[in-house]
Amino acid sequence: MPVERAPLAGVRVLDLTAIVMGPLATQVLGDLGADVIKIEPPEGDVLRRAGAPPGSDLGPLFVHLNRNKRSVVLDLKGAEGKAALLRLAGEADVLVHSMRPQAMARLGLGYEALSAMNHRLIYAGLFGFGQRGPYAEQGAFDDLIQAVSGLADLVGRLSDGRPRYVPANIADRSVGLYAFGLISAALYQRERTGNGCELGVPMFETLASLLFGDHLYGETFRPAHGTMGYPRLMVRDRGPFPTSDGHICCMIYTDAQWRSFLTALGRDPDLAKDPMLSNMTSRTINSEALFTMVSDITRTLPTAHWVATLRAVGLTVVAMRSLEELVDDSHLAATGFFHDARTSNGESLRLFGPVGDWSNWEPAMRHSPPHLGEHTQDVLANGWATRHPQP
C-alpha cells in the first residue's frame, strides 16, 4: 500500500548554496519530500541566467538543479536579511552552504552560533578543501578540482598529452551526491540521538578518493606492487569499439564473456590456448593489446551486425548514442524520463524528474524551478508555514 508521505516529508532545509554542487545535493533532498528554501542574494544564483532566453532568469543548468525548492532573496550582509535567516534557521532541520567556513563565521552564521540556538540542526558545509590541511581557506570550483585532483592529467595522458577537463561538472556533481548521502545519514543519526551535527564535505578529498579507488593500484601495497594506474582504464584509445558505420560498447571482461566473444567469432573458446587471455591478471596486463585486437575485429562489420551477434551469445552490447539521439530514446520515453512543465509565469520547460522507483511512493515534481525571490514574501510573512505542495 502506498505511503501517505514522501521519505523526507516534513524535513526543513535551508539552502545557502549556488552553482552546481550544493544545489544538486539539496535538490535531491527536495525530490524526496523535504521543504527546501533556497536563499539567494539580490542578484540571484550565479547560474540563474547562464544560457537563459532573453528576459528570463531561468537558465538551463539552474533549471535542472533547483526543482522542488522555494526561492527567497535575502541580503545576508545586512541586519534585516541576517535576522530573517536566523529565524528560519531556528526551526530548520538542515542548513547547507557552499561558502568557505571562514566566510560563514564572519557573517555570524557559523556552526557554533546556529547550533547554540538549534541543537537539532544539521549544518553541512560543502567546500573545496578539508579544514585540517594547508589548502583549507582556498576557494574552489569544478575545473580547479579536476586539475588538482589529477583527473585533468589522466585525461591528457590518454589523448595527446595535453591535460583536459572532462566535459561535465563531474567534481561538483559527484561531490554533491556524496553530500546528499552524508546529510541523509546525519538525519538518521539525529533521529537516534536527538542532536544535530556539523558536516564538512570537501571536493578535493572526495574526488581524490574516487580516483585513487581505481588508480592507486600498485601503490596500494607497502612496498609497492607495481605503479599507479589501473591498466584496463589507462588504455590510450580506450572507448567504444569502432564498427564499419559507427561504434558499439560491449563488456568483454570475465572468463565467461571472453569465451562468449570467441564463440561469436567462430573461434576456439579455450582461453588457456592464448597467454594474453588465459586469466584476469594476464588480460589486465595486456589491456591495450586486447582493446586493439577487438577494435580491429569490430571495425569490419556494421553496428547492427555486432549488436545482434554478440547479444545472441549472451553478451551485453549497445550502440553508441549521442546526446542528440538520446532525447528521443524509446526507453527514456517509456519510463517518462522527460516531461513538459510550466513555471509560475507560464514559461514552458522540458524537464527530467527524480530517478528511482519506490514500491510505496512515487517521486514527483511538486514545484517547478523558482524564479528569483518568488517565495520571499510568503516565507518572510509565514516562516516555515508553507503553501508548498506536500508529497
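The values are calculated or read from the model by the stated rules, or taken from the named source; none is laboratory data. The shown structure was predicted, so the numbers you read here are calculated from the model rather than taken from an experiment. Note that we place each Cβ from the backbone using ideal geometry, even for glycine, and neighbour counts take in every protein chain shown.
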* Residue that is farthest from LEU210 (Cα to Cα), among those in segment 154-169 that are loosely packed, with under 14 Cβ neighbours inside 10 Å and within 21 Å of the chain's Cα centre (by Cα) -> PRO167
* Asked: So which of ALA105, ALA113, ALA136, ALA92 is part of a loop (DSSP other than H, G, I, E, B), among the hydrophobic types (A, V, I, L, M, F, W, C) and within 24 Å of PRO41 (Cα to Cα)?
  -> ALA92
* Every residue from segment 292-320 that is within 29 Å of the chain's Cα centre (by Cα) and surrounded by 13 or more Cβ atoms within 10 Å (Cβ to Cβ) -> LEU315, VAL317, VAL318, ALA319, MET320
* Structure fact -> Residues of segment 88-106 being surrounded by fewer than 19 Cβ atoms within 10 Å (Cβ to Cβ) and touching a Lys or Arg at 6+ places or on another chain (Cβ under 7 Å), in sequence order, are GLU91
* **Qualifying positions in segment 230-281 - of a type in the set (S, T, N, Q) and over 13 Å from SER295 (Cα atoms)** => THR254, GLN257, SER260, THR263, SER278, ASN279, THR281
* To do: Confirm whether GLY150 is in contact with a Leu (Cβ under 9 Å, 6 or more places away or on another chain) and more than 29 Å from ALA83 (Cβ to Cβ).
  => yes
* To do: Answer with yes or no whether ILE19 is part of a strand (DSSP E or B) and modelled with pLDDT of 95 or more.
  => no
* Asked: Would segment 72-87 turn up any residue that is within 18 Å of the chain's Cα centre (by Cα) and buried (at least 19 other Cβ atoms within 10 Å of the Cβ)?
  -> no
* Only one residue in GLY51, GLY33, GLY59 is without any contact (Cβ under 8 Å) to a residue 24 or more places away in the chain, within 24 Å of PHE337 (Cβ to Cβ) and touching a Pro at 6+ places or on another chain (Cβ under 7 Å), so which one is that? -> GLY51
* Asked: Can you name the helices (runs of 4 or more DSSP H) wholly within segment 283-343 that have at least 1 residues being closer than 27 Å to LEU233 by Cα?
  -> 287-298, 303-312, 323-326
